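None of the figures in this text is laboratory data; all of them are computed from the coordinates on show. Since this is a predicted model, take the numbers as computed values, not measurements. Positions of Cβ are generated from backbone atoms using ideal geometry, with glycine treated the same way; all protein chains shown enter the neighbour counts.
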Amino acid sequence: MEKRMIAVIGAGPAGCHYASLVNQDVTLFEEHKKIGIPVSCTGIVTDSIKRVLDIPKELIVSKINTFRIVSPSKKFIDINLDKENTVMDRAKFDQFLLQKALDNGAKLKINTKFIGYKEKDGKLIIKTNKGNYEANILVGADGPKSSVAKFSNLYGKREFLEGLQARVKYKGTPGVTEIRLGLGEFAWIVPEDENIARVGVIGRNVKNDYKTLLNDCKIIEDQSGLVPLYNPKQKLRKKNIFLIGDAATQIKATTYGGIIYGLLAGKYLAENPDTYESVFNAKLGKDLWMSLKMREAMNKMNEKQYNELITIFNKENNKKIIAEYDRDFPTKFIVQLLMKETKLWKLGFSVVAKNMFSKE
């Protein structure tokens, strides 16, 4: 059987992982000159990355075994993880996935910007700044403001947050990631070693919070970027055009990470394009929806409520639940917490609880 021609716009993790799995004639189009550059991601992943692939040791910068959650009044709790998290060299990770795609037969066009497409004789003519290309399938893996989504009318109503991050000189504790409550919607300090950390905050109008978090640290490299808010109504397909990763708003709103969701989206699309949308929503939609509702509740909290949240989490049984389950998939632990701790309902999680239990 003749292979179908597939154009993948965007050679980030989602696009490259998809191209490494699908047995078709794939061309990756990347508008930047070098894969993985510029970096605009913290590059920390949970143990659930192993559901998708193994990360080579040479890509690992450090391991995280403790999450320290700190309230605005400096009250904190340490969560010792059952399974370590991994901090990656994000640029090398993208390049690693690209090589897997190339090894699978994919072709790469760098410094090539997608302009649009037209349908002709049952095929798609992909327009770029370097000329036109023919394809049977078009995959948009081109980030939050996806040009593929815009051109195909799959863009929908999107909200964006500003993610400000930098690698900085910082005297931190290796293996301990700090989560700072009350700064933006989510703020973090992820150590690479004793002297360098990735420090960032995400939200709306967070420049002052970012300055507070940096606390005059010397910046080594800026890694800021735009992050989409997950849209439960986002369409993932229109005929032979598909969206994956950030282009499909597949970001969990609790920590605003999306690497694993993008990789899984690429996997489901490679397995069967006809069932991709239904399979993704069935397997991951509930967790993305849950993370969105959890974020809405946390965004309404004040300093007193943050302190109360830490008190609740500090109970031994609750710490065990948080440490044991993967934060990428909140449906696996949030029901247990809500059943044990009715105080969480008073902190704004009632909407989460009522909707969650109504769906069980």
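For the chain, what does -39500 (n - 2.57) per DSSP helix run (n ≥ 4), summed and divided by total residues, give at 222 nm, in deg cm²/dmol to the nearest 500? Rounded to the nearest 500, it is -8500 deg cm²/dmol.
When DSSP beta bridges are restricted to pairs lying wholly in region 1-148, around 65% turn out antiparallel. Quotient of the Cα radius of gyration of the chain and 2.2 N^0.38 Å, N being its number of residues: 1.00.
Dipole orientation for region 187-292: of the candidates G225, G258, S291, S291 has the Cα lying most toward the positive pole (charges on Cβ; Lys, Arg +1; Asp, Glu -1). Spacing of the modelled spin labels on T212 and E84, each 7 Å from Cα toward Cβ, amounts to 3.4 nm. With both labels modelled 7 Å from their Cα along Cα-to-Cβ, the N136 to K113 distance reads 3.1 nm. Cross-link pairs exceeding 30 Å between alpha carbons, from the set K75/K169; K50/K293; K83/K169; K75/K320; K169/K315: K169/K315. Any chance you could give the angle, 0 to 90 degrees and rounded to 10, that helix 259-271 forms with the longest Cα principal axis of the chain? So the helix axis and the longest Cα principal axis differ by about 40 degrees.
Put simply, when 135-148, 6-19, 109-122 are sorted by average Cβ atoms within 10 angstrom per residue, most first, you get 6-19, 135-148, 109-122. Overall size of region 1-52 from C-alpha positions, given as principal axis extents largest first: 41, 30, 11 Å. Region 187-257 and region 1-48 have Cα centres lying 19 Å from one another.
Mind running the shape call on region 234-293? Use the C-alpha gyration tensor, a ≥ b ≥ c as the square roots of the eigenvalues: rounded below 1.5 for a/c, prolate if a/b tops b/c, oblate otherwise.
Since a/c reaches 1.5 and a/b is larger than b/c, the shape of region 234-293 is classed as prolate.
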